[in-house]
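Inspection log for the structure reproduced underneath, given as structure tokens.
Since every read-out is calculated from the coordinates, none of them should be taken as a lab result. Note that the structure is predicted; figures quoted are calculated from it, not measured. Please note: Cβ atoms are built from the backbone with ideal geometry, for glycine as well, and neighbour counts cover all protein chains shown.
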């Protein structure tokens, strides 16, 4: 178990001024701009030198495609998904993901009614 989760993210020790005085940052706006985990930044720094378009036929693209697939496997494992039934799709943001999912459900059953 992680002893102090705050140690794994950038910005959590940033002092901010509040009406109660100076305190460490508490960040709750994760839907818009989440704090970045330090291991993610380390991986990014290792990946940037090989970054290229994934659709090119060269060794760098092959390495990058392999990294994307490794992350898919990590997400499937983390979420408890079944790799033979489920997949991971990268989108640019949450709104895009919801729109894609909505379109899939609509194509499956255009008469489906959603209650919120």
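Maximal additional length on extending the residue 85-residue 111 stretch stands at 6.8 nm, based on 0.36 nm per residue less the C-alpha distance. Remark: relative contact order (the chain) = 12 percent; criterion is Cα-Cα distance under 8 angstrom and separation of 6 or more residues. In this simple spin-label model, placing a label point 7 Å from the Cα along the Cα-to-Cβ direction at both residue 44 and residue 57 gives a separation of 3.3 nm. The residue 71 and residue 26 beta-carbon pair, evaluated with R₀ = 25 Å, returns a calculated FRET efficiency of approximately 0.35. With both labels modelled 7 Å from their Cα along Cα-to-Cβ, the residue 37 to residue 18 distance reads 2.6 nm. Taking a ≥ b ≥ c as the square roots of the eigenvalues of the alpha-carbon gyration tensor, the chain is classed oblate because a/c is 1.5 or more while a/b is no larger than b/c.
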